[in-house]
């Protein structure tokens with residue numbers, strides 16, 4: 001797991017608040033299917049990511065497939081960071 005995946009996993013673990021730690025999150029696990037992320041948690045998760053990475057996510061270009069796993073979402077965040085969307 002790289003640093004960005006670890007940071008994203010930490011935000012996810014905080015939002016889920018079910019006792020799961022960032023280390024216990026498989027980067028390939030499905031955020032909705034395996035972790036049960038609901039719509040309110042998703043909003044909290046996305047806002048937490050914006051704070052953790054000091055970025056503004058491009059919600060118009062964010063697709064459900066980008067949120068399938070920590071690893072896929074990490075790629076999306078890396079793209080946003082490289083564009084400098086702030």
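Just so you know, all these numbers are worked out from the coordinates, no wet-lab data involved. Owing to the predicted nature of the structure, the values given are computational and were not obtained by experimental measurement. All Cβ positions, even for glycine, are placed from backbone atoms using ideal geometry, and neighbour counts span all protein chains on display.
List of remarks:
- Cα long-axis angle, helix 3-16 against the chain (0 to 90 degrees, to the nearest 10): 60 degrees
- Neighbour-count ranking [beta-carbon atoms within 10 angstrom, fewest first] of 16, 47, 31, 40: 40, 47, 16, 31
- Diffusion of the stretch 1-43 by Stokes-Einstein, at 37 °C in a medium of 0.692 mPa s and with Rh set to the Kirkwood radius over alpha-carbon pairs, works out to 315 µm²/s.
- Value of [θ]222 nm, deg cm²/dmol, for the chain, DSSP H segments ≥ 4, -39500 (n - 2.57) each, nearest 500: -16000 deg cm²/dmol
- Between helix 39-53 and the chain: long-axis angle, C-alpha atoms, 0 to 90°, nearest 10: 60 degrees
- A Gaussian network model of the chain, with springs between Cα atoms under 10 Å, assigns the largest mean-square fluctuation among 54, 30, 14 to 54.
- Cα pair distances exceeding 14 angstrom across the stretch 3-83, given as percent: 57 percent
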